[in-house]
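The values are calculated or read from the model by the stated rules, or taken from the named source; none is laboratory data. The shown structure was predicted, so the numbers you read here are calculated from the model rather than taken from an experiment. Don't worry about glycine lacking a Cβ; one is built from the backbone with ideal geometry, like all the others, and counts go over all protein chains shown. To get the accessible areas, we keep the full protein, side chains included, count just its heavy atoms, and leave off ligands, DNA and RNA. Shrake-Rupley method; radii C 1.70, N 1.55, O 1.52, S 1.80 Å.
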There are 2 protein chains.
Amino acid sequence: MGRPTMNDVARHAGVSLKTVSRVVNGETSVSADLAARVQAAVDMLHYRPNIGASMLRRADRRTRTIAVLLEDVGNPFSSSLHRAVEDEARTRGVQVLTGSLDEDPQRERELARVFTMRRADGLIIAPASTDQAYLATEVQQDTPVVFVDRPANGFPGDCVIATNVTGATEAVRHLVAHGHRRIAHLGDYARIPTARSRHQGYLAALAEAGLAVEPDLIVQDLHDEAAAESATMTLYARPDPPTALFTSQNLVTVGAVRALRRLRLHRAVAVVGFDDFPLADLLEPAVTVVAQDPALMGRTAARALFERIDGATGAPREFWIPTSLIRRGSGELPPSRSLRDAIAL
Amino acid sequence: MGRPTMNDVARHAGVSLKTVSRVVNGETSVSADLAARVQAAVDMLHYRPNIGASMLRRADRRTRTIAVLLEDVGNPFSSSLHRAVEDEARTRGVQVLTGSLDEDPQRERELARVFTMRRADGLIIAPASTDQAYLATEVQQDTPVVFVDRPANGFPGDCVIATNVTGATEAVRHLVAHGHRRIAHLGDYARIPTARSRHQGYLAALAEAGLAVEPDLIVQDLHDEAAAESATMTLYARPDPPTALFTSQNLVTVGAVRALRRLRLHRAVAVVGFDDFPLADLLEPAVTVVAQDPALMGRTAARALFERIDGATGAPREFWIPTSLIRRGSGELPPSRSLRDAIAL
DNA sequence: CTGTTAGCGCTTTCAA
DNA sequence: TTGAAAGCGCTAACAG
């Protein structure tokens, strides 16, 4: 009394179950006559094959499902990436399961297990944990995993990562070129690999310019707007504040911009942010950023995954997705000679 | 040579397959001794149940999967909604399949069919088409469908919709209260139900204020920033332009703001937008909006769906999600007496 | 408490 | 070209 089955169709069409299977799967070795009768029965009963059941017996054992584990399907970076994966999957008739990790390593394991029980053909993971060795026992040998946004440890898989170090270096070099000597770095959780790379790029640019590292100008473990805003306020309560900020993530960038607004320093302090965000060009001054390309990252990850699913072998590959500096104004402000006066206002 | 099966576990533990099934499913009627042996074998073989296979024979025939059809999983509205659905699903151990419709009715049907073949336990659809009668033959009687953001036609299902008409009326009433008499409406594709409702709300507010409808001040079928920007430019090339804009969607709002910037009218023309967007509060002037609550819409839709999946019967319900006017500055600008002079600049 | 048998909806294998 | 039988991994129904 539930959905009609292949057997129901066979009975209605007066053919064997196997003939229905052939028609449904588009095999050509069925006479036109029988095929038509089967099709008529399919239409009349509104038969829809149960692909979960077919996968059980099918030789390739594919579920035509992939799973994507992201930081948060609701944030702009993750959701752009998700959309790009969907588009690649769609051309192949593959469905996409998603889950949000919220920087929780535990959740990463849980979801890897859940999607394994669903027999996803492959996984795309933006790791929240620092060690993916657990995947060895969690996923099957022949289930490919592609890592995106952050590198993996302890498990072989293709890897799609933005050029975080060089992007950050370029950002800070840009500030140096505009005359800045005291450049602060506002970073995300220090345990996040991308945050570390961006920090590393910052240090490299300072070294390159022969500038000393001032630990007081480096604030880490900022993960949301509020934290970034208050860290910036604190920075500008100091006697000798920086003339420029390099922020390592868009929520941090926005938090810093908010603080500068409150302090009325938004036209006095230069800012370059890592990762672009909507409307950055409409702020005053418009925000200079090192833009990532989440859609390209998603597309690249999906294509790599499907190549592996289709049987590609060989050592894990690294795909480096270039970042690009977008000059909009905030990063081109010269160092203010009178920051303390401005603050006094 | 693939994944270990329940049979492999049974052999290793020296018990029957059914005993393994009991342990794996947490049934208590197994002696501690056997349960421990089974668990040991599970751990040693890294056994993971194939829930696709179990669903085939299980009495409730649930896949513990729901499908969500959205406009575009990459846009802020859809992705916030998606995230809220995920959170509800997670508490129930249910996985979420998603798909983007891109305003394509054909795609809506396709995806409904695909997810039916996956035997999703229920569907959440933000309709792209105007008629959902096709669902009658596409989904099973007992597969609940909940519609979100836009109403359904021709198919019974709970419906979760923002108060578009009253929200739009409130927006325009707000502009009227600030002295505006010539208020333009920039709307999305006229075929989109939410766009029509917002247009209707606009008309209601004008009528309430005793203002005549000026067809020249109504521009429809704007779906992206570029279209909205050029429509706004055109509007201000007219001899007698409006002193305020009511924009019906956030891309349209942003396009209009861009145009006003270019015309240097952003402090002269009042703007209220429908639907909030990130950083609206950081623009100058900050943008007054009628905010929707996509997360609440997603949560409400998911809860309604799970109630139906859990057997709730009764007539389709309507859940009206309230909008809220957020005053930020752009909507509180008074009518400019010298718009033409300002434009002349 | 434990096991045996049947069968979910489908594809495979093999025979006609 | 068509179909019968077996079986994918699992749970239900029923025995012991």
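Observations
- Spacing of the modelled spin labels on A:Asp221 and B:Ala226, each 7 Å from Cα toward Cβ, amounts to 4.7 nm.
- Rounded to the nearest 20 debye, dipole of chain A from Cβ charges on Lys, Arg, Asp, Glu: 700 debye
- Label distances, nm, B:Gly210 versus same residue in remaining copies, Cβ-directed 7 Å point: 7.7
- Apportionment of accessible area to carbon and sulfur, region B:227-305, percent (1.4 Å): 54 percent
- Length, then width, then depth: along the principal axes, the Cα atoms of region B:32-80 run 52, 25, 17 Å.
- Surface accessible to a 1.4 Å probe, B:Asp224 within the full protein complex, Å²: 70 Å²
- Scaled against the 2.2 N^0.38 Å expected of a compact globular protein of N residues, the Cα radius of gyration of region A:6-49 reads 0.95.
- The helix-based estimate of mean residue ellipticity at 222 nm for chain A, built from -39,500 (n - 2.57) per DSSP H run of four or more residues and divided by its residue count, is -13000 deg cm²/dmol to the nearest 500.
- At 7 Å out from Cα toward Cβ: A:Pro322 inter-copy label distances (nm, ascending): 5.2
- Dipole in debye (nearest 20) - the protein assembly as shown, about Cα centre, beta carbon charges: Lys, Arg +1; Asp, Glu -1: 960 debye
- Chains A and B together bury roughly 5100 Å² of accessible surface, counting both sides and using a 1.4 Å probe on protein heavy atoms.
- Look at where the Cα atoms of region B:235-258 and of region B:127-195 average out, and the two centres are 22 Å apart.
- Accessible area per residue, Å², the protein assembly as shown with all protein chains present, probe 1.4 Å: 42 Å²
- Which of A:Ala133, A:Thr232, B:Gly201, positive extreme of dipole for the protein assembly as shown (C-beta unit charges): A:Ala133
- Using only alpha-carbon positions in the protein assembly as shown, the gyration tensor eigenvalues give semi-axes of 48, 36, 20 Å once each is multiplied by 5 and square-rooted (largest first).
- For region A:6-49, the carbon plus sulfur part of the accessible surface works out to 54%, probe radius 1.4 Å.
- Teacher prompt: B:Arg58 distances to equivalent labels in other copies, 7 Å Cα→Cβ, nm: 2.0
- Translational D in µm²/s for chain B (Stokes-Einstein at 20 °C, 1.002 mPa s, Kirkwood Rh from C-alpha pairs): 94 µm²/s
- For region B:89-108, residues shielded by at least 20 square angstrom of accessible area compared with the chain on its own, probe 1.4 Å: B:Arg90, B:Gln95, B:Val96, B:Leu97, B:Thr98, B:Ser100, B:Asp102, B:Arg107
- Between A:Ala315 and A:Ser54, the C-beta separation translates, for a Förster distance of 41 Å, into a calculated FRET efficiency of about 0.75.
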